[in-house]
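Q: If you scroll down you'll find the structure; I have some questions about it.
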Amino acid sequence: MARINLKKFIAEHYKGGVTARDVIREGVTNAIHAGADAIAVDLWFDRQPGLFGDEVRNVLEKITITDDGEGFTQDNLNYFDEICTGHKDDIGGKGVGRLAFLKYANRVEVRSQLPSELVEFRYTPDFTLDDVQRTASAGRRETTITISELKEKINTQVTKLVNAMCDDLRLLLFLKKQAGRTIAIRFTHNSKQPFPDDFTFSGEAIEAQKTRSFELQGETFDCYLFREEAPKRGIVAMLCADELCVEEYQISKRFDICRYLISITSTYLNRSSNIERQKLEIPKSDADADMASPISREALMPRIHAECLAMINEAAEGDIEAFKLANVDKLRKYYPFIQIESLNGEAAMLDADEIVRTYRAQQARREDQLVEALEEGRIVAFDDISHLASDDLARFIVHRALVIDSLAKMPRDSAEDVLHNAILRKHSDGSDIRENNVWLVDDKFLSYSNIYSDETLARIVREVGVETESKQQRKPDVAAFFSKDNEGRANKLVIIEFKKPGADIFENNKALVQCRLYASELVDRIATVREVFAFSVVEIDDEFYKDMKRTGFKDVFSLSERVVYDDFVIGASDDIPLHLYVMPAASLITDAKARNRVFEEVLRFNMDKEMPAANGSLPHP
């Protein structure tokens, strides 16, 4: 028989890499095809030093898969020694799945106890039947594949891995149960992660709430609806090839009544699966389709989406519609400036991130069309330009709301780092003005230019920073911004300094002095600056508050915690005004949210004037 260069074959046909999920799925499905009803998957973890030596992490070290199937009989050994075997063609086998073991690990060992003989061998790219050791031994049938010396040391998440395996195999176990076989897969691990050490996934407990078939371009697609109770949530279509999930199509991440999974099978999907059964090779658009692959994703995915939601609505007595109505109410409350009706009726199934992405994509298309019309000299209504500008403002408010909501959820002890990165990422070169979120401090700084966009100013800031650190034995933790006059000269300076929580009154006062000295140094170097705004973000306890009030600081209105303010003069001639604000991080975020709410209320008022009230169904634009 002609030999094959297995190392090259693996390199050519497994280009995308192999994961623990791929390896376990291959071992388990092989066991099921071999008649196994009881399968055990053991995940062995070991403690490994981290990248910097002091850190210790648990990494997946070894996988063993044990089953009670027929084992490595002589016929099965012959098949194992042949690539692209055809004996499993009728059940979708492609004869190359076991090569995933060799791609994933450096050591693969097989031990198969037959009724009167023990078969053992190490599987390598150079494996031949001569490598098999046979020992006369009686015992119950049991085959174990041990996969060790993994090529990548990864801190595998057991919960995610096992749940993914259950999703992949759910349909196969259900169909075997329908055919009279109950298969149980037992997962064990020693990772110490928050997942049961011993977990069994059995076909006996799997029930399909509903089945459904639909046809598309002469191909039949069978759908099986499964439900998992809360707190699991979401709606996912599992596109299966040969009864195994190959691709997940997320219909809704936000759906929170329960979790619905719809397994979809078809001979078309079987043909579309690549040789490793890792992805479906389906044409993207109708223009890409051909006789071999006549159905495109452009045609298939919307149909799957509609069929899945229809199944759920029939089986769950209106779960989808009830969720949609409740979700639309939430969207109108939190995103009143987005025209929900413009999202093709799917807004109710989208989460916040998807809403923003969808909305921005639509606005970008509108802008492109408008610019194209202007370039071609076609007549463009001024109303269209005006609406586009207002839509851009709405997009900006959406962005601000997301930034503020994210900051509001941060732990107090991480305020310095999170706020600093929100306003300007640490170690950023600042070349992109869009990285600037200085509006968080005050909306009057919306038009400020980032200092690093000017090479001369950037050099001055770096020099002053080095000198300040040398004098004060402390590196300034400052984000600095300028506005410029009509001639492009820096005329106003904004400085924002952060102080970690827990500092005492002496450290906090030192931070205020350092902020003033740093501002003065910059003003002396940049003669065109005529005004400075400085914001010191620190925790203000009772003692620090009283001390600042005694030294002339005045209260500033804030919606939450204390904010104080004082004026100083700085520079070589003491002729440049410095407005110094002192505030805790929580107040900065709360006040930013309140300012943003003003924009939202104006936009909500405009939207309410343009749109009818909701009355249980989605209104028309």
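The values are calculated or read from the model by the stated rules, or taken from the named source; none is laboratory data. No experiment lies behind these values; they were computed from the predicted model shown. Positions of Cβ are generated from backbone atoms using ideal geometry, with glycine treated the same way; all protein chains shown enter the neighbour counts. Side chains are part of the model used for accessible areas, which takes the heavy atoms of the whole protein and leaves out ligands, DNA and RNA. Shrake-Rupley method; radii C 1.70, N 1.55, O 1.52, S 1.80 Å.
Q: Got a sec? Which strands (runs of 3 or more DSSP E) wholly within the range 465-537 have at least 3 residues that are at pLDDT below 75?
A: By residue number, 478-484.
Q: Provide a single number: the residues in the range 104-136 that are open to solvent by 40 Å² or more (accessible area, probe 1.4 Å), touching a residue at least 24 places away in the same chain (Cβ under 8 Å) and part of a strand (DSSP E or B).
A: Going through the range 104-136 one residue at a time, the tally reaches 4.
The rows are residues; the columns are (1) over 26 Å from residue 194 (Cα atoms); (2) in contact with a Gly (Cβ under 9 Å, 6 or more places away or on another chain).
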residue: 142; (1), (2): yes, yes
residue: 158; (1), (2): no, no
residue: 166; (1), (2): no, no
residue: 171; (1), (2): yes, no
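Q: Give the residue that is farthest from residue 493 (Cα to Cα), with candidates limited to residues of the range 531-587 that are polar (S, T, N, Q) and open to solvent by 40 Å² or more (accessible area, probe 1.4 Å).
A: Selected residue: 560.
Q: Moving to a separate point now. Please enumerate the residues belonging to the range 137-154 that are more than 14 Å from residue 63 (Cβ to Cβ), assigned to a loop (DSSP other than H, G, I, E, B) and in contact (Cβ under 8 Å) with a residue 60 or more places away in the chain.
A: Within the range 137-154, 140, 141 meet the criteria.
Q: Sort out which residues of the range 137-171 are in contact with a Ser or Thr (Cβ under 9 Å, 6 or more places away or on another chain), of a type in the set (A, V, I, L, M) and either modelled with pLDDT of 95 or more or surrounded by 14 or more Cβ atoms within 10 Å (Cβ to Cβ) (or both), and write them in order of number.
A: Within the range 137-171, 145, 147, 158, 161, 169, 171 meet the criteria.
Q: Taking residue 67 and the conditions (1) at pLDDT 85 or above; (2) more than 18 Å from residue 162 (Cα to Cα); (3) more than 34 Å from the chain's Cα centre (by Cα), which numbered condition does it fall short on, given that it satisfies the others?
A: (2)
Q: Follow-up question, since we're still on this one. Show the residue pairs that are 6+ apart or on different chains and have beta-carbon atoms under 8 Å apart, the first residue being within the range 516-538 and in the same structural domain as residue 583 (by the TED database) and closer than 12 Å to residue 483 by Cβ, the second being open to solvent by 10 Å² or more (accessible area, probe 1.4 Å) and part of a loop (DSSP other than H, G, I, E, B).
A: 528/485; 528/489; 533/442
Q: Residue 95 passes all but one of (1) modelled with pLDDT of 90 or more; (2) touching an Asp or Glu at 6+ places or on another chain (Cβ under 8 Å); which number fails?
A: Of the numbered conditions (1) modelled with pLDDT of 90 or more; (2) touching an Asp or Glu at 6+ places or on another chain (Cβ under 8 Å), the odd one out for residue 95 is (1).
Q: Which one of these does residue 249 not meet: (1) aromatic (Phe, Trp, Tyr); (2) open to solvent by 30 Å² or more (accessible area, probe 1.4 Å); (3) not in a strand (DSSP E or B)?
A: The one condition residue 249 does not meet is (3).
A quick yes/no check of all residues on (1) more than 20 Å from residue 170 (Cα to Cα); (2) assigned to a loop (DSSP other than H, G, I, E, B); (3) modelled with pLDDT under 90; (4) open to solvent by 40 Å² or more (accessible area, probe 1.4 Å):
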site: 259; (1), (2), (3), (4): no, no, no, no
site: 277; (1), (2), (3), (4): no, yes, yes, no
site: 282; (1), (2), (3), (4): yes, yes, no, no
site: 294; (1), (2), (3), (4): yes, yes, no, yes
